[in-house]
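S.K.: Could you have a look at this structure, given as structure tokens, before my questions?
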Amino acid sequence: MTSPNNSNKNNSSANNETDKESSEKQNGMLAGIFERATKSGLGRKKSNPSPVESAVAKDMADIHSNPTKLRLAFLGGGSFGTAMANLAARNGCDTTLWVRNKRTVKAMAKTQTNKKYLPGYKLDDRLKYSHDLAASVKDKDIIFIAVPGLAFRETLKNIAPFIGGQSIVSLTKGMEKDTFAMMSDIIKEVLPEVNFGVMSGPNLAIEIMKNMPSATVIASESEPLRHAVQAALHSAFFRVFASDDIRGVELGGALKNIYAIAMGMAAAYEVGENTKAMILTRALAEMSRFGVEEGANPLTFLGLSGVGDLYATCSSELSRNYRIGNMLGRGMSIDAAVKKLGQTAEGVNTIQQVHEKATKAGIYMPITHALYAVIYEDKAALGVALHLMEAGFRSDVEFVMAHDHSNAALTAHLKTSGSNTKSKDSDADK
Ligand SMILES: NC(=O)C1=CN([C@@H]2O[C@H](COP(=O)(O)OP(=O)(O)OC[C@H]3O[C@@H](n4cnc5c(N)ncnc54)[C@H](O)[C@@H]3O)[C@@H](O)[C@H]2O)C=CC1
Ligand SMILES: O=C(CO)COP(=O)(O)O
């Protein structure tokens, strides 16, 4: 017979065994996550510092204590280029905003406002304006580019003759049409020697102009550049975090635009909070799945440039992509919605690029394909949404528990999503 004491002892040793097993299981699971998370190499190539590690590398301590030494150019006089240039000028950096239209430059210099894109917001009186591209970028430490993705290559080519030791930072959240190139790819192609970074985060321009506390991420392989951007833009209202996963950060900023359109559309159908939460988290699953295929670190999507920006743009009518989706949900055509918006909504092009890329590469992106089917194949939104809900059984977070392909037989009877695309998973598996 087992005495109570023995029984306790046995229980406690059984408990110890269970604790040990569960801690081993947890450690194994964590190791799995980290293995998956770090298997990609893109954005973390640690080569020797580039020979053009520009002026910013000279004396970081000096720049930290005195960011006014930085000479900056911002290219693109839309809402975001203006908002960021204004932050830098307010921090005392020597800042020039380049705008392509001479008359706009004159008006901005005279009124110290950006009447078209940020009406009613007074800009810092130290901000300089120019329509002379060469003069704007010469003798600068960092050139920030905030033109739409479709104009990025052209802008880089135009400044190429004037680039020596300057660093370049992309603020653009788009993709090139037809090539699927991201902005960092274009920088590497057009200016292979240049020291560069990408900046992305939940940064609705109007909120920044209103001094509502915000944060963003600068991603670069160059630590001096990361520090210089942090020093240039940081303030009590704006925090700049750092990353070396360039691919992950720029993909976060580009991909979330797709789901902001989806959420704007869902809002037009007056869906509930559960539905919004489902769209948001499944969007994040798609983003990180696509990101891993593209060489990003999936954990980057948990940061400001991933879940942060996804949340901001999927929740706010200040987002132009959300507004496009909302107009579509109210029955407008894509062309009419784009015309009515009159500003950049990168998601319109990004949906097409990602749909095509995911289809070719066999990456499972049901929300993107469904949105493409509604916008470009004229499928009925409600029918497509129903198909999405009828899709098969999947794992929640596939970096924790991989998708179980044995579910295929179980779900074979279920219909696929509204699109006729082929993915790595069998149709029945969706
Ligand atoms: N507005 C926002 O809240 C944020 C925007 N972004 C990103 O910044 C980029 C720019 O967006 P916004 O400033 O908001 O756009 P916007 O629509 O407000 O302005 C675009 C600006 O680019 C100029 N532009 C267009 N084509 C050009 C060309 N070929 N050469 C030179 N300039 C040209 C336009 O004249 C305009 O001044 C986009 O990729 C956007 O996703 C990023 C974070 C926040
Ligand atoms: O990227 C943004 C906020 O982070 C701005 O979003 P929209 O381009 O949809 O306005």
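S.K.: So which residues in region 224-246 are under 24 Å from K188 (Cβ atoms) and either touching a Pro at 6+ places or on another chain (Cβ under 7 Å) or part of a helix (DSSP H, G or I) (or both), if there are any at all? Before the answer, list the steps.
M.R.: Here is the first cut: in region 224-246, the ones under 24 Å from K188 (Cβ atoms) are 224-230, 232-233, 240-246.
Across region 224-246, the qualifying residues are P224, L225, R226, H227, A228, V229, Q230, A232, L233, I246.
S.K.: Which residue, of A231, A236, A262, is outside the structural domain of L72 (by TED's automatic domain parsing) and more than 13 Å from ligand 1 (Cβ to nearest atom)?
M.R.: A262
S.K.: Among the listed residues A109, A88, A73, which satisfies the condition of being touching a Phe, Trp or Tyr at 6+ places or on another chain (Cβ under 8 Å) and part of a strand (DSSP E or B)?
M.R.: A73
S.K.: Would you mention how many residues in region 298-339 are near ligand 2 (Cβ under 10 Å from one of its atoms), surrounded by 22 or more Cβ atoms within 10 Å (Cβ to Cβ) and not aromatic (F, W, Y)?
M.R.: Number satisfying all stated conditions: 12.
S.K.: As an exercise: evaluate Q343 against (1) more than 10 Å from ligand 2 (Cβ to nearest atom); (2) assigned to a loop (DSSP other than H, G, I, E, B); (3) surrounded by fewer than 18 Cβ atoms within 10 Å (Cβ to Cβ) and give the number of the one condition it does not meet.
M.R.: (1)
S.K.: A further question follows. With T155, T111 as the choices, which residue is more than 16 Å from ligand 2 (Cβ to nearest atom), among the hydroxyl-bearing types (S, T, Y), modelled with pLDDT of 95 or more and surrounded by 16 or more Cβ atoms within 10 Å (Cβ to Cβ)?
M.R.: T155
S.K.: Hey, among A358, A391, A402, which residue is assigned by TED's automatic domain parsing to the domain that holds R282, modelled with pLDDT of 85 or more and assigned to a loop (DSSP other than H, G, I, E, B)?
M.R.: A402
S.K.: OK, next. Would it be correct to say that N257 is closer than 18 Å to A358 by Cβ, crowded, with 24+ Cβ neighbours inside 10 Å and within 14 Å of the chain's Cα centre (by Cα)?
M.R.: Spelling it out, N257 is indeed closer than 18 Å to A358 by Cβ, crowded, with 24+ Cβ neighbours inside 10 Å and within 14 Å of the chain's Cα centre (by Cα).
S.K.: Within the set of pairs 6+ apart or on separate chains, which have a first residue in region 183-206 that is assigned by TED's automatic domain parsing to the domain that holds F238, a second that is modelled with pLDDT under 95 and of a type in the set (D, E, K, R), and C-beta atoms under 9 Å apart?
M.R.: N195/E53
S.K.: With the structure loaded, tell me whether D178 is at pLDDT below 95, surrounded by fewer than 24 Cβ atoms within 10 Å (Cβ to Cβ), more than 16 Å from ligand 2 (Cβ to nearest atom) and not basic (K, R) or whether it fails that test.
M.R.: Answer is yes for this residue.
S.K.: Enumerate the strands (runs of 3 or more DSSP E) found wholly within region 124-223, keeping only those where 3 or more residues are in contact with a helix residue (DSSP H, G or I) (Cβ under 7 Å, 6 or more places away or on another chain), within 15 Å of ligand 1 (Cβ to nearest atom) and of a type outside the set (K, R).
M.R.: 142-145, 167-170, 195-200, 214-220
S.K.: I'd like to check something: does region 222-233 contain any residue that is away from ligand 2 (no atom under 16 Å from the Cβ) and among the basic types (K, R)?
M.R.: Yes.
S.K.: Under 6 Å between Cβ atoms, which residue pairs at least 6 apart in sequence (or on different chains) link something in region 282-294 that is touching a residue at least 12 places away in the same chain (Cβ under 8 Å) with a partner that is of a type in the set (G, A, S)?
M.R.: Listed by first residue and then by second, the contacts come to G291/G248.
S.K.: Out of all the residues in region 260-297, which are among the polar types (S, T, N, Q) and buried (at least 23 other Cβ atoms within 10 Å of the Cβ)?
M.R.: S288, N297
The values are calculated or read from the model by the stated rules, or taken from the named source; none is laboratory data. All of these numbers come straight from a predicted model, not from anything done at the bench. Glycine also receives a Cβ, built like all others from the backbone with ideal geometry; neighbour counts cover every protein chain displayed.
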